[in-house]
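Here is the structure we will look at.
Readers should treat all values here as calculations from the given coordinates under stated rules, not as data from a laboratory. If you're wondering where the values come from, they're calculated on a predicted model, not measured in any experiment. For neighbour counting, all protein chains shown are included, and Cβ atoms are generated from backbone atoms with ideal geometry for every residue, glycine included.
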Ligand SMILES: NC(=O)c1ccc[n+]([C@@H]2O[C@H](COP(=O)([O-])OP(=O)(O)OC[C@H]3O[C@@H](n4cnc5c(N)ncnc54)[C@H](O)[C@@H]3O)[C@@H](O)[C@H]2O)c1
């Protein structure tokens, strides 16, 4: 007899909810939608071809909709409260990045899920996109070897997103600069270099006053391995679109690599110190489909079969920790911030 498909509640029907919903439906059923804005639910239901109950309050949904799990694609400022309510109702949780605004919120989510014996995964898809996973693979000691230093310049033109009047641009709701632009790269840094020990960051002058946080920031991260990572962010650089803006350059023990992202393809160059020329790999598939399928497929298999997943809450919490540390360092004029950021909250 075929096994029943997992029944998910999709919470947050804005831009991203309906996008992720398409991948969710490949591996599970969506049994209910939730968003305080009925129009968002209407759009999402139409886009996904769903006729399911709709809730404007997640507390009603988790109690009434007969679900196995929730998928949270709501704004960052409600990730923690929704996760806690879902856990209390005995539902597993897949929550989009950024896990939450702050590390204490992340720990509240972790503790609630532990207490109620439910699983918690955070959707950090960048490390799963094949071109980005390929760079991780190149750092095997038999090829380029471990990373010693990596830099990402993510200056881009963020104006087309029109985030100015939304929660994204307000740090008390979104979390800050890196929660909006940087979260993907910072998680990938962790996939590349492991756990971090120290963060030092500086703000530049304010460029666009419509952002309620400082909109130029440069951050350096020191990893336990000794590797150094730099991420330099600006939001009003007209030459690069978001998708063109985040190509890493890395110096590795036996060589190096450089990614050049374009709008419709990605070029990757890499060379060992003993090679005469760089090698070139071109990716015409940017790898979004593969990454979304990987993460949601793993979530379903984790819940149904207890199969170890590619991501858990650990990636989410450690990423928020690095972002919060960078914002804190920059606000303190570049003071070094040591990790863990909240030693008293650690297990
Ligand atoms: N993995 C990725 O590549 C990726 C891409 C984009 C967005 N995201 C994440 O998805 C989330 C949503 O982003 P978005 O671009 O869709 O933002 P959005 O502003 O378009 O949508 C957010 C939605 O959350 C809803 N919401 C607010 N409070 C709620 C509550 N109490 N209960 C239920 N819904 C509530 C809003 O009404 C809105 O419809 C964010 O956490 C973002 O970081 C991830």
Task: On Cα atoms only, tilt of 313-331 relative to the major axis of the chain in degrees - done: 60
Open item on the list: Among 319-326, 250-257, 34-41, how do they line up by average Cβ neighbours within 10 Å per residue, starting with the highest?
Closed with: 319-326, 250-257, 34-41
TODO: Per DSSP H run of n ≥ 4, the term is -39500 (n - 2.57); total these for the chain, divide by its residue number, and report the mean residue ellipticity at 222 nm rounded to 500 deg cm²/dmol.
DONE: -10500 deg cm²/dmol
Open item on the list: Give me the extension gain from residue 16 to residue 29: residue separation times 0.36 nm, minus the current Cα-Cα distance, reported in nm with one decimal.
Closed with: 2.9 nm
Open item on the list: Just to be sure I understand: of the beta bridges DSSP finds with both ends in the chain, what percent are antiparallel, rounded to 5?
Closed with: 60
Task: Residue order, fewest to most surrounding Cβ atoms within 10 angstrom, among 305, 215, 195, 347 - done: 347, 305, 195, 215
- [ ] Calculate how steeply helix 15-27 sits against the longest principal axis of the alpha-carbon atoms of the chain, using the helix alpha-carbon long axis, and give the answer as 0 to 90 degrees to the nearest 10.
- [x] 70
Open item on the list: List residues of the range 122-141, by number, whose backbone nitrogen lies under 11 Å from a label position 7 Å along Cα→C-beta of residue 285.
Closed with: 130-131
TODO: Run the quick spin-label model on residue 244 and residue 293: label points 7 Å from Cα toward the beta carbon, then report their separation in nm to one decimal.
DONE: 3.0
Open item on the list: Tell me the relative contact order for the chain as a rounded percent, counting alpha carbon contacts under 8 Å between residues six or more apart.
Closed with: 18
Task: Projected label distance in nm at residue 314 and residue 262, using a 7 Å step from Cα toward the beta-carbon - done: 3.8
Task: For the range 28-158: Kirkwood Rh in Å [reciprocal of mean 1/r, alpha carbons] - done: 17.1
- [ ] Find how many whole Å separate the alpha carbon centroid of the range 85-101 from the alpha carbon centroid of the range 220-269.
- [x] 30
TODO: Please work out how much length the chain gains when fully extended from residue 1 to residue 277, using 0.36 nm per residue of separation minus the C-alpha to C-alpha distance, in nm with one decimal.
DONE: 93.7 nm
TODO: Normalising by the residue count of the range 7-162, find the relative contact order in percent from Cα pairs under 8 Å and 6+ residues apart.
DONE: 18
Open item on the list: I need 331, 162, 277, 315 ordered by Cβ neighbour count within 10 Å, fewest first.
Closed with: 277, 162, 331, 315
Task: residue 164 versus residue 143: modelled label distance in nm, points set 7 Å from Cα along the beta carbon direction - done: 4.4
Task: Ranked list, fewest to most other Cβ atoms within 10 Å of each Cβ, for 119, 125 - done: 119, 125
- [ ] Could you work out the Kirkwood radius for the chain, taking every pair of different alpha carbons, averaging 1/r and inverting it, reported in Å?
- [x] 20.9
Open item on the list: Just to confirm the number: angle between the C-alpha axis of helix 38-48 and the first principal axis of the chain, 0 to 90 degrees, nearest 10?
Closed with: 80
